[in-house]
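What follows is a single structure, written as structure tokens, with notes after it.
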Amino acid sequence: MALVLMIVIGCIFSADGAFYRWSVHRDMLRQVSVFGILACGMTVVIISAGIDLSVSSLLALAAVTFAWLTMPQGWSALAAVPVVLAVGAVLGSISGVLVAQMRIQPFIVTLAMMVFGRGLAKVISGGRKITNYVPDADGVSQVVDLPEIFGIIDSRVLGGNLSIVTIIFAACVLITWIVLSRSRLGRHIYAVGGNLEAARLSGVPVRLTLISAYALSGVFAAVAGICQAAQETHGDPETGIAYELDAIAMVVIGGTSLAGGKGSVILTLIGVLTIGYLQKILSLNAAPEATRLMLTGAIIICAVLFQRGRE
Amino acid sequence: MTAPIACTMTYQARTQEERMTTTGRDLTSMGPGSVAGSMSHTDPAVVMRGIRKAFGPVEVLHGIDFEVLPGEIHVLAGENGAGKSTLIKILSGAYSDFTGELQVGGRTLRFARPSEAVRAGIATIHQELSLVPSMTVADNLFLGWEVAGRFGGVDFALQRAEAARILEEMELDCSPRQLISELPISCQQSLEIARALTRDASILILDEPTSALNEREVDSLFVRLRELRSRNRSIVYITHRMEEIYQLADRITVLRDGALVGTAPVADLPPANLVRWMVGRDLPKLKSDATQVVRTAAQPARDEPALAGARGAALEVENLRVAHAAAKGHFVVGGVSFTLNRGEVLGLAGLEGSGKSEVLHALFGALGRRADGQLRLFGEPFSMKGPRESVERGVVLLTNDRKSLGLAPELSVTHSVSLASLRRFSGRCGWMRRREESKAVRDLTREFRLRAPSDEAPVRSLSGGNQQKVYLARCLLPQPRVLLLDEPTRGIDVGAKADIYDLMRTWVAQGIAILLVTSEMDELLALSDRIIVMHSGRISTEVMRDTASKDAVLAAAMGSQRRQSNGR
């Protein structure tokens, strides 16, 4: 509904018909994809009545790790991608263990993981961006070829009409949807988020469920990090700061409750597109950044109020 | 669950006069709809006329007339979903969008919010408690109308002193400085009542106030209510317990499916008629009182008591101990041994804090390392590892706290019912077989006569009784062999209770063993094949059904009978 409204507004303020061009929509989709991938994982965690603030740092860590493995180390993409995803999964699982086993509040755990992850990214990168200028044994920088995978992720298919990152985003939405709506794990996540004690007494493996939710979020953050590195053509330890807030906003605008136990990834998709269109329309109409920020804030509140009104 | 420390209770058997009395008169001729004539010459405290209320397109109240006189206890009766709660919510200001007229003290009013109703002298005590767990007893009693102190602050000392006085008057054994979260649920409920009484309300609405109280507390509540009646207060009382109706009520108003069936003085409406008014049909084999309803439902199991033993043991419990949650070295259950047979209902009686609920939780594995003892499940060792293992081995627990331990409010009916049986409906990689799942759930909920808008509706949209049925259905779907039931009929109406008794009978006939905890003595006596009575964490006696009496069970629960050495 908010999305429909946004499209209508887009048609009204079409910036001389620019809104009707597919390339505009394509670019919007490309721009929100990284956020959208984070939001998928965030949806899972929020439904489990948690929150994951660490996704932005895990994204940076993944971007740096990926760039480091593929460029200075010269790994092939086929080897690097699984390793980076595994890093995301492991760090996500650590958050999950701390939440589930140690019973520390998710906010605290993932806040700590956010700081830790950012630090780890800086350790791996030595505090600098990792680019295709690779220092050799003598400390002289040499230019190596940008690995093919970077180009592939940043390219478009279908006659240049669809970005690869958007397809990756769509795949993440699909995977999340299958997990949440069609799998046993999904049922467990909703139950744990809705009433943890009731879930436990029903024989739901509560700890495993929570760990899985955070691990999934970590994996999605790693996927987003790989995409980010490919788009920036380097691994930047400072990348993605405050992305977790955008991801949370997208989930909330969709109508998933922070109280847990309720929501869906389809709602999150709507939230992602709503914010995407808002940004696009404002930039088409050359609105200054200040206006964009203020409007984004306002729309978060409106969307939440609107959702409540419908219940 | 922690044992209550603060509120230690003693039982008092009710006097004979106070027991449920039934007028022998046959008033079947008095059909639904007949309203008793002028009761009194005094002006009513509350008049509701032609009240209609709709949620969206669905009208749930179809023109209700309801009045309450000063100095009367007026029972509002009806099955779950009959519209009692909605009517009460209109009266207490929770809903303002209704049609019809509401007069309080002769003035026509329409409350925009509950606080306006409170100011008009209407105090409501809801079934679900509304105390703040992290605040003290005194703070809660004065929440919302704190006593002003100097410099615009709160006079805490005065509040505490006042609270202490109220607690003493209510005979509540807790301190004003104690946190609500430290108190057992029965004590919290008494406090809720105390809070309403301190506000000097002229109209008091109680929605099933006794569901968490023991008999002594119930008695003291009733004394208080009668006292309030004599001081010309009006009391609207909602309950599903027959005996309470006939102990307390001056008049009864019955609702059914959102419509008024009638209002009658209690003497003109014997139980049989009341049930007929409420249900709109004769319950099968219904006799003249609630006990009879229960007895009838449990009859077949009773015919073959010997058979139960012949079927063999389902669960053998030896020296079960449960450590106190906080106090080291103390045990809330201190060495309990018994055998639960196949196809038998074993009643577990005891007061609040006797450890009966803890026994159930421990057997289910919900207490983890706090519990130890030797268990054999159908002859094989059983280690109380945890809920998951228990469910897998066919042991299922229904807790007495549906809201916080039972249901997740946002889950759909289907997902709630299947929650404990997901493995049955999913493959090895976790893919749900949804069609199979929803069919199994639908079959079961039909058996339970569940009334829900749809299978996809969130459980929070169901009435309390139907939520309880959802919860029970969840416990039954995994096809358990041992059922641990803690207050299975709490807060549900006569019709639903009869349904559940009926179901329990079929489960027992299938060979399921049931360990039953219930605070309703009639239910306990009627359903159980044997009863073991607990006192202070130990078994004080065991009685067979035929020799069991209310008095004997009560006496054993109080610990006055010869008992095994009590090493506390």
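Every read-out reported here was derived from the displayed coordinates using simple, explicitly stated rules and does not represent laboratory data. This structure is a prediction, so every number in the text was calculated from the model and none was measured. Positions of Cβ are backbone-derived with ideal geometry, glycine not excepted, and every protein chain shown enters the neighbour counts.
Structure notes:
- Panel values: the stretch B:130-204, Kirkwood radius from alpha carbon pairs, Stokes-Einstein at 25 °C and 0.890 mPa s, translational diffusion coefficient 197 µm²/s.
- Residue pairs, from the table B:Lys53/B:Lys497; B:Lys84/B:Lys469; B:Lys89/B:Lys550; B:Lys403/B:Lys497; A:Lys262/B:Lys328; B:Lys328/B:Lys497, whose Cα atoms sit over 30 Å apart: B:Lys89/B:Lys550; A:Lys262/B:Lys328; B:Lys328/B:Lys497
- Reduced Cα scattering model of the stretch B:207-268, Debye log10 I(q)/I(0), q = 0.19, 0.21 Å⁻¹: -0.79, -0.94
- The gain in end-to-end length when the B:Asp551 to B:Ala326 segment is fully stretched comes to 77.6 nm, 0.36 nm per residue minus the alpha carbon separation.
- Three-way shape call for the protein assembly as shown based on the alpha-carbon gyration tensor, with the a/c threshold at 1.5: prolate
- Point-to-point label distance, A:Ile12-B:Arg52, nm (Cα→Cβ direction, 7 Å offset): 3.8 nm
- Simple spin-label estimate for B:Arg107 and A:Ile266 in nanometres, 7 Å along Cα-Cβ: 5.1 nm
- Note on B:Asp173 and A:Ala286: their simple-model spin labels are 8.1 nm apart, each label 7 Å out from Cα toward Cβ.
- The reciprocal of the average 1/r between distinct C-alpha atoms defines the Kirkwood hydrodynamic radius, which for the stretch B:146-188 equals 11.4 Å.
- The stretch A:126-175 versus the stretch B:135-175: alpha-carbon centroid distance in Å: 66 Å
- Qualifying GluC sites (Glu not before Pro) for the stretch B:42-128 [loop in DSSP, other Cβ within 10 Å: at most 14]: B:Glu128
- Helix-only arithmetic for the protein assembly as shown: the sum of -39500 (n - 2.57) across DSSP H runs with n ≥ 4, divided by the residue total, places the mean residue ellipticity at 222 nm at -14000 deg cm²/dmol.
- The B:Arg423 and B:Lys385 beta-carbon pair, evaluated with R₀ = 22 Å, returns a calculated FRET efficiency of approximately 0.85.
- Size descriptor, Kirkwood hydrodynamic radius, that averages inverse alpha-carbon separations across the stretch B:404-475, Å: 12.2 Å
- Calculated diffusion of the stretch A:219-267, Stokes-Einstein form, Kirkwood radius summed over Cα pairs, 4 °C and 1.567 mPa s, µm²/s: 104 µm²/s
- Rg followed by Dmax, in Å, when the stretch A:2-306 is reduced to its Cα trace: 19.7, 63
- 13 Å beta-carbon shell around B:Ile205, net charge (K/R +1, D/E -1): +1
- Computed E for B:Leu143/A:Leu258 - FRET, C-beta separation, R0 22 angstrom, nearest 0.05: 0.25
- Within the stretch A:1-81, the trypsin sites (Lys or Arg not before Pro) that combine a DSSP coil assignment with at most 15 other C-beta atoms in a 10 angstrom radius are A:Arg21.
- Whole-number percent relative contact order across chain A, with pairs defined as alpha carbons under 8 Å at least 6 apart: 36 percent
- Think of the protein assembly as shown as having a plus end and a minus end, set by charges on the Cβ of Lys, Arg, Asp and Glu; of B:Leu527, A:Phe116, A:Val83, A:Val83 sits farthest toward the positive end of this dipole.
- Order by protection proxy (mean Cβ within 10 Å, highest first), peptides B:247-260, B:188-201, B:378-391: B:247-260, B:188-201, B:378-391
- With R₀ fixed at 51 Å, the C-beta to C-beta distance from B:Lys403 to A:Ser76 puts the FRET efficiency at about 0.40.
- Spatially, the stretch B:307-382 and the stretch A:280-296 are offset by 65 Å when compared through their Cα centroids.
- Distribution of pairwise C-alpha distances over the stretch A:155-311, 5 Å bins, in %: 2, 8, 13, 18, 18, 18, 12, 7, 4, 1, 0, 0
- Within 10 Å of each Cβ in B:475-486, the average number of Cβ atoms from other chains: 0
- Built amide H within the under 5 Å cut-off of B:Ala54, gap 5+: B:Val60
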